[in-house]
Amino acid sequence: MSEQTPGQIPVPSRFGEPIARLTPVGPRFDQPSYTDNFYEAVGGHDTFLRLVDVFYDGVAGDELLRPMYPEENLGPAKERLLMFLEQYWGGPKTYGEQRGHPRLRMRHQPFQVTPAARDRWLAHMRDAVDSLELSPLHEATLWDYLERAAHSMVNSA
Ligand code: HEM
């Protein structure tokens with residue numbers, strides 16, 4: 001082993017290279033110095049509230065989707081989707097406290113989620129996501145999830 005100076009990591013070198021090259025520079029990789037919480041990074045509650053507001057404005061005027069929602073007023077459904085999405089992306093865990101395990105496919109069984117319904121759902125979500133004006137990376141991350149989730153929710157032809 002070559003000589004060690006304080007602060008350097010004692011890693012044996014196969015080729016007798018100077019160990020100094022392995023000395024970490026800047027933050028350690030196992031201790032992120034940036035926030036890795038998506039919920040916070042995109043603006044927290046206000047952002048998710050806007051997402052579901054714009055989404056449900058679209059649903060309210062949709063001839064195919066609106067009749068699927070059991071309640072007269074879309075408010076409670078909006079609140080459930082908001083709580084779920086906030087929890088999923090690292091925000092408050094209110095959904096779990098109030099509704100338990102999401103089991104989303106099971107909870108959608110009473111409704112005929114056809115490919116046409118999925119496409120309408122995604123079209124309103126697209127408008128909602130666009131209204132947020134997120135950075136391209138955050139937008140792509142959110143959209144990728146919503147698309148995959150919507151495809152997995154289809155339960156009738
Ligand atoms: C693909 C098309 C979809 C349709 C047509 C659809 C329709 C519905 C309907 C009619 C309800 C009942 C409303 C209520 O809460 O009272 C519901 C509930 C819900 N949906 Fe969807 N949904 C779709 C996709 C999704 C996706 C992709 C997600 C998640 C990313 C989602 C999350 C939820 C949640 C969290 C609830 C409330 C569940 C609960 O009772 O706690 N839905 N959906």
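Among the residues of region 100-117, those that are open to solvent by 80 Å² or more (accessible area, probe 1.4 Å) and closer than 22 Å to Ala60 by Cβ comprise Pro110, Gln112. Can you name the condition, by its number, that Tyr88 falls short on among (1) closer than 18 Å to Ala150 by Cα; (2) loosely packed, with under 13 Cβ neighbours inside 10 Å? The failed condition is (2). For residues that are among the basic types (Lys, Arg) and either over 15 Å from Ala149 (Cα atoms) or open to solvent by 60 Å² or more (accessible area, probe 1.4 Å) (or both), tally how many sit in region 118-133. The number of residues fulfilling the criteria is 2.
When restricted to residues that are assigned to a loop (DSSP other than H, G, I, E, B) and buried (at least 16 other Cβ atoms within 10 Å of the Cβ), region 134-154 contains 2. Could you tell me whether region 138-146 includes any residue that is within 9 Å of the ligand (Cβ to nearest atom) and within 17 Å of Tyr39 (Cα to Cα)? Within region 138-146, one or more residues are within 9 Å of the ligand (Cβ to nearest atom) and within 17 Å of Tyr39 (Cα to Cα). Six or more apart or on different chains, Cβ atoms under 9 Å: show the pairs whose first residue is in region 69-89 and within 16 Å of His108 (Cβ to Cβ) and whose second is modelled with pLDDT of 95 or more and of a type in the set (S, T, N, Q). Once the first residue is within 16 Å of His108 (Cβ to Cβ) and sits in region 69-89, its partners that are modelled with pLDDT of 95 or more and of a type in the set (S, T, N, Q) give Arg80/Gln98. The set of residues from region 34-48 being surrounded by 16 or more Cβ atoms within 10 Å (Cβ to Cβ) and part of a helix (DSSP H, G or I) comprises Tyr39, Ala41, Gly44, Thr47, Phe48.
Yes/no per residue for (1) within 12 Å of the ligand (Cβ to nearest atom); (2) in contact with a Gly (Cβ under 9 Å, 6 or more places away or on another chain); (3) modelled with pLDDT of 95 or more:
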{"position": "Tyr34", "(1), (2), (3)": "no, no, no"}
{"position": "Asn37", "(1), (2), (3)": "no, yes, no"}
{"position": "Val42", "(1), (2), (3)": "no, no, yes"}
{"position": "Ala60", "(1), (2), (3)": "no, no, yes"}
{"position": "Pro70", "(1), (2), (3)": "yes, no, no"}
{"position": "Gly75", "(1), (2), (3)": "yes, no, yes"}
{"position": "Pro92", "(1), (2), (3)": "no, no, yes"}
{"position": "Ala116", "(1), (2), (3)": "yes, no, yes"}
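Restricting the first member to region 90-109 and to residues that are free of Cβ contacts under 8 Å to residues at least 12 places away in the same chain, and the second to residues that are part of a loop (DSSP other than H, G, I, E, B), the beta-carbon pairs closer than 9 Å and six or more apart or on different chains are Gly96/Pro102.
The residues of region 58-80 that are touching a Leu at 6+ places or on another chain (Cβ under 9 Å) and either surrounded by fewer than 16 Cβ atoms within 10 Å (Cβ to Cβ) or of a type in the set (Ser, Thr, Tyr) (or both), listed by number, are Ala60, Arg66.
The values are calculated or read from the model by the stated rules, or taken from the named source; none is laboratory data. What you see is a predicted model; the values in this text were computed from it and never measured. Virtual Cβ from ideal backbone geometry, glycine too; neighbours counted across all protein chains shown. All accessible areas refer to the heavy atoms of the entire protein, side chains included, with ligands and DNA or RNA removed. Shrake-Rupley method; radii C 1.70, N 1.55, O 1.52, S 1.80 Å.
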